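Worksheet: the structure to be examined is printed underneath.
The values are calculated or read from the model by the stated rules, or taken from the named source; none is laboratory data. For clarity, every value in this text was computed on a predicted model and none was experimentally measured. Please note: Cβ atoms are built from the backbone with ideal geometry, for glycine as well, and neighbour counts cover all protein chains shown. To get the accessible areas, we keep the full protein, side chains included, count just its heavy atoms, and leave off ligands, DNA and RNA. Shrake-Rupley method; radii C 1.70, N 1.55, O 1.52, S 1.80 Å.
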Amino acid sequence: MLATLPIECLEEIIKNLDYKSLHSCILVNCLLSAIAVRYLWKFPFGYFKEPNKLIIQTYLSCLPESSKLILHENGIEIPLFTSSQSYKPTYNYPSFIRKICIKSLFITTETLFEKYERTSVLLIVRELCKLFIANSVKIERLELTFDHSSLKNIPKDYPVYDWYLLLPTFPGAKESLSNLKELILDSNFDQRGILFALSEICHKIEYLDIYYDEHTINDLTIENLVKNQRNFKIFSTFLYEGNWSIGPSLWQHNNSLKEIIFHRVNFNDCISLLGLAKCINLERLIFRESFNLQKELFDEFLRESNLPKLKEFSYELSFLDFDIDDITYDISQLLKRTDHNLKRLTFNDSFRSVQSQLWEISTPYMNIQSIETITLYCKNLVLIDATIMKATATPFLAALSSCKKLQELNIYLNNDVELEEYLPDIGKNLAKSLKVLEISTLNDFSVESLNGLLTNCKARLSTLNLLYSRCFNDQYLEVVVKYAREIVCSSLDELKLFSKTKVSNDALEKAKEYIKVVELIEFCNL
(Lines give C-alpha, C1' and ligand atoms only; values in the text may rest on other atoms or scores of the structure.)
Protein backbone atom coordinates (compact mmCIF):
# COMPACT_ATOMS: atom_id res chain seq x y z
CA MET A 1 0.00 0.00 0.00
CA LEU A 2 2.78 2.43 0.93
CA ALA A 3 4.56 1.75 -2.33
CA THR A 4 1.57 3.04 -4.29
CA LEU A 5 1.48 6.40 -2.52
CA PRO A 6 3.40 9.29 -4.07
CA ILE A 7 6.32 10.52 -1.96
CA GLU A 8 4.59 13.91 -1.64
CA CYS A 9 1.62 12.25 0.07
CA LEU A 10 3.88 10.34 2.44
CA GLU A 11 5.66 13.56 3.36
CA GLU A 12 2.35 15.30 4.12
CA ILE A 13 1.43 12.45 6.46
CA ILE A 14 4.81 12.03 8.12
CA LYS A 15 5.56 15.71 8.78
CA ASN A 16 2.60 15.92 11.19
CA LEU A 17 3.60 12.92 13.31
CA ASP A 18 4.91 13.11 16.89
CA TYR A 19 8.34 11.95 18.03
CA LYS A 20 7.39 8.34 18.79
CA SER A 21 5.63 7.89 15.46
CA LEU A 22 8.53 9.43 13.53
CA HIS A 23 10.95 7.16 15.34
CA SER A 24 8.79 4.15 14.47
CA CYS A 25 8.73 5.15 10.79
CA ILE A 26 12.52 5.05 10.68
CA LEU A 27 12.39 1.33 11.57
CA VAL A 28 9.84 0.32 8.91
CA ASN A 29 11.78 0.48 5.64
CA CYS A 30 14.32 2.57 3.76
CA LEU A 31 11.70 4.77 2.08
CA LEU A 32 9.92 5.78 5.29
CA SER A 33 13.22 6.12 7.09
CA ALA A 34 14.60 8.52 4.49
CA ILE A 35 11.49 10.73 4.78
CA ALA A 36 10.96 10.55 8.57
CA VAL A 37 14.58 11.26 9.48
CA ARG A 38 14.38 14.70 7.86
CA TYR A 39 11.54 15.75 10.16
CA LEU A 40 12.91 13.98 13.23
CA TRP A 41 16.18 15.90 12.97
CA LYS A 42 14.82 19.36 12.07
CA PHE A 43 15.28 20.31 15.72
CA PRO A 44 15.77 17.14 17.79
CA PHE A 45 16.36 19.08 21.05
CA GLY A 46 12.69 20.02 21.12
CA TYR A 47 11.48 16.46 21.68
CA PHE A 48 13.04 16.06 25.11
CA LYS A 49 12.37 17.80 28.43
CA GLU A 50 15.84 16.91 29.70
CA PRO A 51 19.11 17.28 27.72
CA ASN A 52 19.74 14.23 25.51
CA LYS A 53 23.45 13.41 25.17
CA LEU A 54 22.86 11.12 22.19
CA ILE A 55 21.91 14.10 20.02
CA ILE A 56 25.28 15.74 20.58
CA GLN A 57 27.12 12.44 20.16
CA THR A 58 25.43 11.94 16.81
CA TYR A 59 26.35 15.43 15.63
CA LEU A 60 29.93 15.01 16.85
CA SER A 61 30.22 11.90 14.67
CA CYS A 62 29.56 14.16 11.68
CA LEU A 63 32.30 16.70 12.49
CA PRO A 64 34.94 17.23 9.81
CA GLU A 65 38.56 16.45 10.63
CA SER A 66 39.40 20.16 10.82
CA SER A 67 36.95 20.65 13.72
CA LYS A 68 38.13 17.51 15.49
CA LEU A 69 41.69 18.82 15.26
CA ILE A 70 40.68 22.18 16.76
CA LEU A 71 39.00 20.42 19.68
CA HIS A 72 41.98 18.11 20.18
CA GLU A 73 44.43 21.02 20.18
CA ASN A 74 42.35 22.63 22.93
CA GLY A 75 42.46 19.51 25.09
CA ILE A 76 38.95 18.30 24.29
CA GLU A 77 38.57 14.58 23.70
CA ILE A 78 35.56 13.46 21.68
CA PRO A 79 33.77 10.31 22.97
CA LEU A 80 35.50 7.26 21.48
CA PHE A 81 32.65 5.77 19.47
CA THR A 82 32.08 9.00 17.54
CA SER A 83 35.75 9.60 16.76
CA SER A 84 36.34 6.04 15.59
CA GLN A 85 37.36 5.76 11.94
CA SER A 86 35.10 2.71 11.54
CA TYR A 87 31.99 4.55 12.71
CA LYS A 88 30.05 6.32 9.98
CA PRO A 89 26.63 7.91 10.58
CA THR A 90 23.75 6.56 8.50
CA TYR A 91 22.67 10.00 7.36
CA ASN A 92 24.12 13.49 7.11
CA TYR A 93 22.14 14.55 10.19
CA PRO A 94 23.35 18.19 10.29
CA SER A 95 21.87 18.75 6.83
CA PHE A 96 18.36 18.26 8.22
CA ILE A 97 18.51 20.90 10.95
CA ARG A 98 16.24 23.91 10.43
CA LYS A 99 16.55 25.64 13.80
CA ILE A 100 19.67 26.61 15.72
CA CYS A 101 19.14 27.46 19.39
CA ILE A 102 22.40 28.29 21.17
CA LYS A 103 20.86 27.85 24.63
CA SER A 104 19.62 24.30 23.91
CA LEU A 105 22.86 23.43 22.18
CA PHE A 106 24.98 24.70 25.06
CA ILE A 107 22.93 22.99 27.81
CA THR A 108 22.88 19.63 26.01
CA THR A 109 26.59 19.79 25.15
CA GLU A 110 27.48 20.64 28.73
CA THR A 111 25.78 17.47 30.01
CA LEU A 112 28.05 15.39 27.77
CA PHE A 113 31.21 17.34 28.61
CA GLU A 114 30.44 18.10 32.25
CA LYS A 115 34.07 17.68 33.32
CA TYR A 116 35.24 20.49 31.05
CA GLU A 117 35.31 24.23 31.65
CA ARG A 118 32.47 26.20 30.10
CA THR A 119 34.88 27.91 27.74
CA SER A 120 35.61 24.46 26.30
CA VAL A 121 31.89 23.76 25.98
CA LEU A 122 31.52 27.01 24.04
CA LEU A 123 34.28 25.92 21.69
CA ILE A 124 32.40 22.67 20.98
CA VAL A 125 29.19 24.67 20.43
CA ARG A 126 31.00 26.89 17.95
CA GLU A 127 32.26 23.90 15.94
CA LEU A 128 28.77 22.37 15.94
CA CYS A 129 27.34 25.64 14.65
CA LYS A 130 29.91 25.62 11.89
CA LEU A 131 28.80 22.09 11.10
CA PHE A 132 25.15 23.11 10.84
CA ILE A 133 25.86 26.18 8.75
CA ALA A 134 28.08 24.24 6.34
CA ASN A 135 25.63 21.38 5.82
CA SER A 136 22.10 22.72 6.12
CA VAL A 137 20.95 24.80 3.19
CA LYS A 138 17.82 26.01 4.95
CA ILE A 139 18.19 27.36 8.49
CA GLU A 140 14.77 28.90 9.17
CA ARG A 141 15.05 29.90 12.85
CA LEU A 142 18.04 31.27 14.71
CA GLU A 143 17.94 31.75 18.50
CA LEU A 144 21.06 33.48 19.75
CA THR A 145 20.19 33.49 23.44
CA PHE A 146 21.83 32.43 26.69
CA ASP A 147 20.61 31.93 30.22
CA HIS A 148 22.65 34.10 32.57
CA SER A 149 23.37 30.96 34.59
CA SER A 150 25.04 29.45 31.52
CA LEU A 151 27.50 32.34 31.39
CA LYS A 152 28.67 32.00 34.98
CA ASN A 153 32.40 31.34 35.37
CA ILE A 154 33.04 32.56 31.83
CA PRO A 155 35.41 35.57 31.79
CA LYS A 156 33.66 38.78 30.75
CA ASP A 157 36.30 39.43 28.11
CA TYR A 158 35.81 35.97 26.61
CA PRO A 159 34.97 36.41 22.90
CA VAL A 160 31.54 34.73 23.14
CA TYR A 161 30.32 38.31 23.56
CA ASP A 162 31.92 39.34 20.28
CA TRP A 163 33.16 37.45 17.22
CA TYR A 164 33.15 34.00 18.79
CA LEU A 165 29.67 32.98 17.66
CA LEU A 166 29.29 35.32 14.71
CA LEU A 167 27.41 32.71 12.69
CA PRO A 168 26.83 34.81 9.55
CA THR A 169 30.60 34.75 8.91
CA PHE A 170 30.91 30.94 9.03
CA PRO A 171 31.59 29.06 5.76
CA GLY A 172 28.33 28.37 3.92
CA ALA A 173 26.37 31.04 5.82
CA LYS A 174 25.31 32.93 2.71
CA GLU A 175 23.37 29.94 1.41
CA SER A 176 22.34 28.43 4.74
CA LEU A 177 20.93 31.62 6.27
CA SER A 178 19.42 33.10 3.12
CA ASN A 179 16.09 31.42 3.99
CA LEU A 180 16.05 32.58 7.61
CA LYS A 181 12.50 33.44 8.74
CA GLU A 182 12.84 33.89 12.51
CA LEU A 183 15.58 35.63 14.49
CA ILE A 184 15.77 35.92 18.28
CA LEU A 185 18.74 37.77 19.70
CA ASP A 186 19.70 38.74 23.25
CA SER A 187 22.33 41.10 24.64
CA ASN A 188 25.05 38.47 25.15
CA PHE A 189 26.12 38.65 21.53
CA ASP A 190 27.72 41.27 19.34
CA GLN A 191 24.43 42.44 17.88
CA ARG A 192 26.04 45.03 15.62
CA GLY A 193 28.19 42.44 13.89
CA ILE A 194 25.47 39.82 13.64
CA LEU A 195 22.71 42.19 12.50
CA PHE A 196 24.95 43.90 9.96
CA ALA A 197 26.02 40.58 8.47
CA LEU A 198 22.48 39.19 8.46
CA SER A 199 21.12 42.31 6.76
CA GLU A 200 23.40 41.50 3.83
CA ILE A 201 22.36 37.82 3.67
CA CYS A 202 18.77 37.56 4.92
CA HIS A 203 15.81 39.13 3.13
CA LYS A 204 13.07 36.69 4.15
CA ILE A 205 12.91 37.31 7.91
CA GLU A 206 9.30 37.41 9.09
CA TYR A 207 9.84 37.44 12.87
CA LEU A 208 12.41 39.51 14.78
CA ASP A 209 12.68 39.45 18.58
CA ILE A 210 15.54 41.54 19.90
CA TYR A 211 16.75 42.43 23.40
CA TYR A 212 18.13 45.94 23.02
CA ASP A 213 21.54 46.69 24.52
CA GLU A 214 23.11 50.07 23.85
CA HIS A 215 26.60 48.58 24.30
CA THR A 216 26.24 45.94 21.60
CA ILE A 217 23.83 47.52 19.14
CA ASN A 218 22.94 50.72 17.36
CA ASP A 219 19.77 51.79 15.61
CA LEU A 220 21.29 51.74 12.15
CA THR A 221 21.94 48.00 12.27
CA ILE A 222 18.33 47.22 13.28
CA GLU A 223 17.03 49.74 10.77
CA ASN A 224 18.98 48.15 7.89
CA LEU A 225 17.94 44.63 8.82
CA VAL A 226 14.24 45.54 9.06
CA LYS A 227 14.31 47.63 5.90
CA ASN A 228 15.81 44.82 3.80
CA GLN A 229 13.07 42.28 4.53
CA ARG A 230 10.44 41.37 1.92
CA ASN A 231 7.63 39.99 4.08
CA PHE A 232 8.19 41.25 7.62
CA LYS A 233 5.36 40.15 9.95
CA ILE A 234 6.33 40.22 13.63
CA PHE A 235 8.53 42.68 15.54
CA SER A 236 9.20 42.36 19.27
CA THR A 237 11.71 44.37 21.26
CA PHE A 238 12.67 44.55 24.94
CA LEU A 239 14.31 47.53 26.66
CA TYR A 240 14.61 49.49 23.44
CA GLU A 241 16.14 52.90 24.08
CA GLY A 242 17.15 53.91 20.59
CA ASN A 243 16.58 57.15 18.73
CA TRP A 244 13.56 55.81 16.87
CA SER A 245 15.09 55.98 13.43
CA ILE A 246 13.77 52.41 13.33
CA GLY A 247 10.21 53.74 13.07
CA PRO A 248 10.14 54.48 9.30
CA SER A 249 11.78 51.12 8.59
CA LEU A 250 9.02 49.35 10.48
CA TRP A 251 6.17 51.39 9.02
CA GLN A 252 7.28 50.62 5.45
CA HIS A 253 6.01 47.09 6.14
CA ASN A 254 2.52 48.40 6.90
CA ASN A 255 0.94 45.84 4.55
CA SER A 256 2.69 42.77 5.98
CA LEU A 257 3.11 43.49 9.72
CA LYS A 258 0.79 41.35 11.84
CA GLU A 259 2.22 41.66 15.34
CA ILE A 260 4.21 44.32 17.22
CA ILE A 261 5.31 44.04 20.86
CA PHE A 262 6.93 46.98 22.63
CA HIS A 263 8.14 45.70 26.03
CA ARG A 264 9.69 48.26 28.40
CA VAL A 265 10.38 50.51 25.47
CA ASN A 266 11.51 54.11 25.92
CA PHE A 267 9.53 56.33 23.53
CA ASN A 268 11.40 59.48 24.55
CA ASP A 269 12.77 60.20 21.05
CA CYS A 270 9.71 59.00 19.16
CA ILE A 271 8.10 61.86 17.24
CA SER A 272 5.21 60.05 15.55
CA LEU A 273 3.24 56.81 15.57
CA LEU A 274 1.16 57.65 12.51
CA GLY A 275 3.00 55.01 10.49
CA LEU A 276 1.89 52.42 13.01
CA ALA A 277 -1.69 53.65 12.68
CA LYS A 278 -1.66 52.57 9.02
CA CYS A 279 -0.52 48.97 9.52
CA ILE A 280 -3.82 47.70 8.13
CA ASN A 281 -3.11 43.98 8.58
CA LEU A 282 -1.95 44.22 12.19
CA GLU A 283 -3.59 41.57 14.41
CA ARG A 284 -1.74 42.08 17.69
CA LEU A 285 -0.40 45.32 19.18
CA ILE A 286 1.19 45.32 22.65
CA PHE A 287 2.54 48.26 24.65
CA ARG A 288 3.84 46.51 27.79
CA GLU A 289 5.38 48.59 30.60
CA SER A 290 6.27 51.34 28.16
CA PHE A 291 7.49 54.71 29.33
CA ASN A 292 7.97 58.27 28.10
CA LEU A 293 5.26 57.85 25.48
CA GLN A 294 3.82 61.37 25.20
CA LYS A 295 0.07 61.46 25.69
CA GLU A 296 -0.40 63.80 22.73
CA LEU A 297 1.51 61.38 20.53
CA PHE A 298 -0.53 58.39 21.69
CA ASP A 299 -3.82 60.29 21.39
CA GLU A 300 -2.94 61.14 17.79
CA PHE A 301 -2.26 57.47 17.08
CA LEU A 302 -5.58 56.45 18.65
CA ARG A 303 -7.52 58.99 16.57
CA GLU A 304 -5.90 58.09 13.25
CA SER A 305 -5.52 54.33 13.66
CA ASN A 306 -7.06 52.11 11.02
CA LEU A 307 -6.47 48.51 12.14
CA PRO A 308 -9.47 46.53 10.83
CA LYS A 309 -7.90 43.11 11.54
CA LEU A 310 -6.74 43.84 15.10
CA LYS A 311 -7.53 40.96 17.47
CA GLU A 312 -5.52 41.99 20.53
CA PHE A 313 -4.72 45.45 21.84
CA SER A 314 -2.82 45.93 25.09
CA TYR A 315 -1.64 49.16 26.66
CA GLU A 316 0.05 48.67 30.04
CA LEU A 317 1.60 51.83 31.37
CA SER A 318 4.58 51.45 33.68
CA PHE A 319 6.20 54.84 34.16
CA LEU A 320 3.77 57.72 34.16
CA ASP A 321 4.69 61.37 33.68
CA PHE A 322 3.16 62.80 36.85
CA ASP A 323 2.95 66.24 35.24
CA ILE A 324 0.05 64.92 33.16
CA ASP A 325 -3.25 66.10 34.62
CA ASP A 326 -5.55 63.98 32.46
CA ILE A 327 -4.84 60.26 32.28
CA THR A 328 -8.07 59.31 30.53
CA TYR A 329 -7.83 58.17 26.94
CA ASP A 330 -10.28 58.03 24.08
CA ILE A 331 -9.68 54.75 22.24
CA SER A 332 -13.14 54.71 20.65
CA GLN A 333 -11.89 55.32 17.09
CA LEU A 334 -9.40 52.48 17.33
CA LEU A 335 -12.12 50.16 18.67
CA LYS A 336 -14.65 51.13 15.99
CA ARG A 337 -12.21 50.43 13.18
CA THR A 338 -11.36 46.92 14.34
CA ASP A 339 -14.53 45.84 12.53
CA HIS A 340 -15.73 43.58 15.40
CA ASN A 341 -12.51 41.51 15.20
CA LEU A 342 -11.06 42.57 18.56
CA LYS A 343 -10.97 39.68 21.04
CA ARG A 344 -8.52 40.76 23.75
CA LEU A 345 -8.42 44.24 25.27
CA THR A 346 -6.05 45.37 28.02
CA PHE A 347 -5.91 49.01 29.09
CA ASN A 348 -4.28 49.22 32.48
CA ASP A 349 -1.05 49.89 34.34
CA SER A 350 1.83 47.61 35.29
CA PHE A 351 1.77 48.74 38.91
CA ARG A 352 -0.33 45.80 40.03
CA SER A 353 2.11 44.24 42.46
CA VAL A 354 1.95 47.33 44.69
CA GLN A 355 -0.71 47.70 47.39
CA SER A 356 -0.73 51.47 47.38
CA GLN A 357 -2.76 54.58 46.62
CA LEU A 358 -0.14 55.25 43.95
CA TRP A 359 -2.01 52.65 41.90
CA GLU A 360 -4.80 55.10 41.13
CA ILE A 361 -2.57 57.92 39.92
CA SER A 362 -0.47 55.63 37.75
CA THR A 363 -3.37 54.06 35.88
CA PRO A 364 -4.55 55.03 32.39
CA TYR A 365 -8.34 55.05 32.07
CA MET A 366 -10.65 54.57 29.12
CA ASN A 367 -13.18 57.38 28.90
CA ILE A 368 -16.96 56.95 28.67
CA GLN A 369 -16.98 57.05 24.86
CA SER A 370 -14.50 54.18 24.77
CA ILE A 371 -16.60 52.05 27.13
CA GLU A 372 -19.73 52.75 25.09
CA THR A 373 -17.87 51.76 21.92
CA ILE A 374 -17.08 48.36 23.45
CA THR A 375 -20.83 47.83 23.82
CA LEU A 376 -21.47 48.51 20.13
CA TYR A 377 -18.35 47.32 18.31
CA CYS A 378 -16.51 44.79 20.51
CA LYS A 379 -19.07 42.09 21.27
CA ASN A 380 -16.61 39.31 20.41
CA LEU A 381 -14.19 40.10 23.23
CA VAL A 382 -12.96 37.09 25.20
CA LEU A 383 -10.72 39.12 27.56
CA ILE A 384 -11.11 42.53 29.19
CA ASP A 385 -8.48 43.93 31.57
CA ALA A 386 -9.17 47.48 32.70
CA THR A 387 -9.57 49.92 35.59
CA ILE A 388 -13.05 51.27 36.26
CA MET A 389 -13.82 54.60 37.92
CA LYS A 390 -17.18 55.97 39.05
CA ALA A 391 -17.78 57.89 35.81
CA THR A 392 -17.45 54.75 33.69
CA ALA A 393 -18.97 52.23 36.12
CA THR A 394 -22.52 52.22 34.70
CA PRO A 395 -21.52 52.21 30.99
CA PHE A 396 -19.14 49.36 31.77
CA LEU A 397 -22.02 47.18 32.97
CA ALA A 398 -23.68 47.60 29.58
CA ALA A 399 -20.38 46.69 27.90
CA LEU A 400 -20.15 43.54 30.02
CA SER A 401 -23.69 42.58 29.13
CA SER A 402 -22.93 42.86 25.41
CA CYS A 403 -19.84 40.61 25.56
CA LYS A 404 -21.53 37.19 25.47
CA LYS A 405 -18.30 35.35 24.61
CA LEU A 406 -16.18 36.76 27.45
CA GLN A 407 -13.90 34.18 29.08
CA GLU A 408 -11.64 36.32 31.29
CA LEU A 409 -12.36 39.56 33.14
CA ASN A 410 -9.75 41.42 35.18
CA ILE A 411 -11.05 44.69 36.62
CA TYR A 412 -9.62 47.17 39.09
CA LEU A 413 -12.23 49.25 40.88
CA ASN A 414 -11.26 52.75 41.96
CA ASN A 415 -11.97 54.09 45.44
CA ASP A 416 -14.85 56.21 44.13
CA VAL A 417 -16.86 53.16 42.97
CA GLU A 418 -19.72 52.21 45.33
CA LEU A 419 -18.94 48.54 45.86
CA GLU A 420 -22.03 47.50 47.83
CA GLU A 421 -24.32 47.95 44.85
CA TYR A 422 -21.79 47.58 42.09
CA LEU A 423 -20.48 44.09 42.86
CA PRO A 424 -23.96 42.48 42.62
CA ASP A 425 -24.56 44.42 39.38
CA ILE A 426 -21.34 43.02 37.93
CA GLY A 427 -22.61 39.51 38.68
CA LYS A 428 -25.87 40.15 36.79
CA ASN A 429 -23.99 41.16 33.62
CA LEU A 430 -21.32 38.46 33.43
CA ALA A 431 -21.37 36.15 30.42
CA LYS A 432 -22.10 32.47 31.03
CA SER A 433 -18.89 31.68 29.13
CA LEU A 434 -16.70 33.41 31.77
CA LYS A 435 -14.00 31.20 33.31
CA VAL A 436 -11.65 33.66 35.05
CA LEU A 437 -12.81 36.59 37.19
CA GLU A 438 -10.41 38.93 38.97
CA ILE A 439 -11.64 41.92 40.95
CA SER A 440 -9.18 44.17 42.72
CA THR A 441 -10.04 47.08 45.00
CA LEU A 442 -8.35 48.91 47.84
CA ASN A 443 -11.73 49.37 49.55
CA ASP A 444 -13.52 46.89 51.79
CA PHE A 445 -16.83 45.37 50.78
CA SER A 446 -19.45 43.44 52.74
CA VAL A 447 -20.24 39.73 52.76
CA GLU A 448 -23.64 40.61 51.31
CA SER A 449 -22.13 42.37 48.29
CA LEU A 450 -19.84 39.41 47.59
CA ASN A 451 -22.81 37.07 47.94
CA GLY A 452 -24.75 39.26 45.50
CA LEU A 453 -21.89 39.09 43.00
CA LEU A 454 -21.64 35.30 43.07
CA THR A 455 -25.37 34.57 43.41
CA ASN A 456 -26.08 36.68 40.33
CA CYS A 457 -23.20 35.10 38.40
CA LYS A 458 -24.44 32.37 36.07
CA ALA A 459 -20.97 31.50 34.83
CA ARG A 460 -19.17 28.44 36.16
CA LEU A 461 -15.85 30.03 37.03
CA SER A 462 -12.64 28.03 37.26
CA THR A 463 -10.60 30.87 38.79
CA LEU A 464 -11.66 33.66 41.16
CA ASN A 465 -9.22 36.32 42.35
CA LEU A 466 -10.20 38.93 44.97
CA LEU A 467 -7.11 41.03 45.52
CA TYR A 468 -5.89 43.98 47.60
CA SER A 469 -8.83 44.20 50.01
CA ARG A 470 -8.14 43.18 53.63
CA CYS A 471 -11.77 42.53 54.58
CA PHE A 472 -11.89 38.91 53.47
CA ASN A 473 -12.47 36.50 56.39
CA ASP A 474 -14.05 33.10 57.07
CA GLN A 475 -17.55 34.37 56.26
CA TYR A 476 -16.45 35.58 52.83
CA LEU A 477 -14.78 32.25 52.17
CA GLU A 478 -18.03 30.45 53.02
CA VAL A 479 -19.77 32.50 50.33
CA VAL A 480 -17.20 31.39 47.74
CA VAL A 481 -17.54 27.75 48.86
CA LYS A 482 -21.33 28.02 48.55
CA TYR A 483 -20.96 29.39 45.01
CA ALA A 484 -18.65 26.50 44.05
CA ARG A 485 -21.03 23.95 45.55
CA GLU A 486 -24.33 25.31 44.20
CA ILE A 487 -23.48 27.17 40.97
CA VAL A 488 -20.29 25.58 39.68
CA CYS A 489 -21.50 22.19 40.98
CA SER A 490 -17.88 21.22 41.26
CA SER A 491 -14.72 22.73 42.71
CA LEU A 492 -12.99 25.98 41.79
CA ASP A 493 -9.54 25.41 40.36
CA GLU A 494 -8.06 28.44 42.09
CA LEU A 495 -8.87 31.26 44.51
CA LYS A 496 -6.37 34.08 45.03
CA LEU A 497 -6.61 36.42 48.01
CA PHE A 498 -4.56 39.23 49.52
CA SER A 499 -2.15 37.82 52.12
CA LYS A 500 -3.38 40.37 54.70
CA THR A 501 -6.85 38.83 54.79
CA LYS A 502 -8.21 37.36 58.01
CA VAL A 503 -9.10 33.85 56.85
CA SER A 504 -8.30 31.17 59.42
CA ASN A 505 -6.30 28.06 58.65
CA ASP A 506 -9.25 25.90 59.69
CA ALA A 507 -11.52 27.62 57.16
CA LEU A 508 -8.89 27.20 54.44
CA GLU A 509 -8.62 23.50 55.23
CA LYS A 510 -12.38 22.98 55.07
CA ALA A 511 -12.59 24.90 51.78
CA LYS A 512 -10.29 22.42 50.02
CA GLU A 513 -13.27 20.20 49.25
CA TYR A 514 -14.57 22.87 46.86
CA ILE A 515 -11.47 24.94 46.05
CA LYS A 516 -8.44 23.07 44.73
CA VAL A 517 -5.90 25.84 45.35
CA VAL A 518 -6.10 28.88 47.63
CA GLU A 519 -3.17 31.21 47.10
CA LEU A 520 -2.39 34.18 49.34
CA ILE A 521 -0.68 36.91 47.32
CA GLU A 522 1.88 39.21 48.94
CA PHE A 523 2.17 42.77 47.64
CA CYS A 524 4.83 45.32 48.35
CA ASN A 525 3.81 48.59 50.04
CA LEU A 526 4.71 52.12 49.06
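Shape class of segment 26-107 from the alpha-carbon gyration tensor: oblate, with a/c at 1.5 or above and b/c at least as large as a/b. Counting only protein heavy atoms and using a 1.4 Å probe, the accessible area of I280 comes to about 60 Å². Given R0 = 60 Å, the distance between the Cβ atoms of Q294 and K68 translates into a calculated FRET efficiency of 0.55.
Computed from label points 7 Å out along Cα-Cβ, the spacing between E509 and D416 is 4.7 nm.
Compared with the dominant principal axis of the Cα atoms in the chain, helix 102-112 is inclined by about 60°.
Using a ≥ b ≥ c from the Cα gyration tensor of segment 446-520 (square roots of the eigenvalues), is it rounded, prolate or oblate, where a/c under 1.5 gives rounded and otherwise the larger of a/b and b/c decides, a/b for prolate? Oblate shape, in that a/c is at least 1.5 and b/c is the bigger or equal ratio. Shape verdict for the chain, please, from the Cα gyration tensor: rounded (a/c under 1.5), prolate (a/b greater than b/c) or oblate. Verdict is prolate for the chain. From the alpha carbon centroid of segment 236-290 to that of segment 435-486 is 39 Å.
Compared with the alpha-carbon gap, the fully stretched path from Y91 to C489 is longer by 137.6 nm at 0.36 nm per residue. Among the protein heavy atoms, those of R470 account for about 110 Å² of accessible surface (1.4 Å probe, every chain in place). A simple packing score, the average count of other Cβ atoms within 10 Å per residue, orders the peptides 248-258, 450-460 as 450-460, 248-258, with the highest score first. Angle of helix 447-456 to the longest C-alpha principal axis of the chain, folded into 0 to 90 degrees and rounded to 10: 70°.
Note down the relative contact order for the chain as a percent, whole number, built from C-alpha pairs under 8 angstrom at least six residues apart.
6 percent
Subtracting the Cα-Cα distance of D339 and N306 from their residue separation scaled by 0.36 nm leaves 10.9 nm. Relative to the longest principal axis of the Cα atoms of the chain, the long axis of helix 474-483 lies at roughly 70 degrees. With R₀ set to 41 Å, the beta-carbon distance separating Q475 from T328 gives a calculated FRET efficiency near 0.65. Simple spin-label estimate for N268 and T455 gives 5.6 nm between the two label positions (7 Å along the Cα-to-Cβ direction from each Cα).
May I ask which of K15/K103; K49/K99; K336/K458; K130/K227; K258/K435; K432/K496 have a Cα-Cα span longer than 19 Å here?
Cα-Cα > 19 Å for K15/K103; K336/K458; K130/K227; K258/K435; K432/K496; rest within.
Along segment 49-58 the Karplus relation, 6.51 cos²θ - 1.76 cosθ + 1.60 evaluated at θ = phi - 60°, assigns HN-Hα couplings of 6, 9, x, 10, 4, 4, 4, 5, 4, 5 Hz to successive residues, with x for each Gly and Pro.
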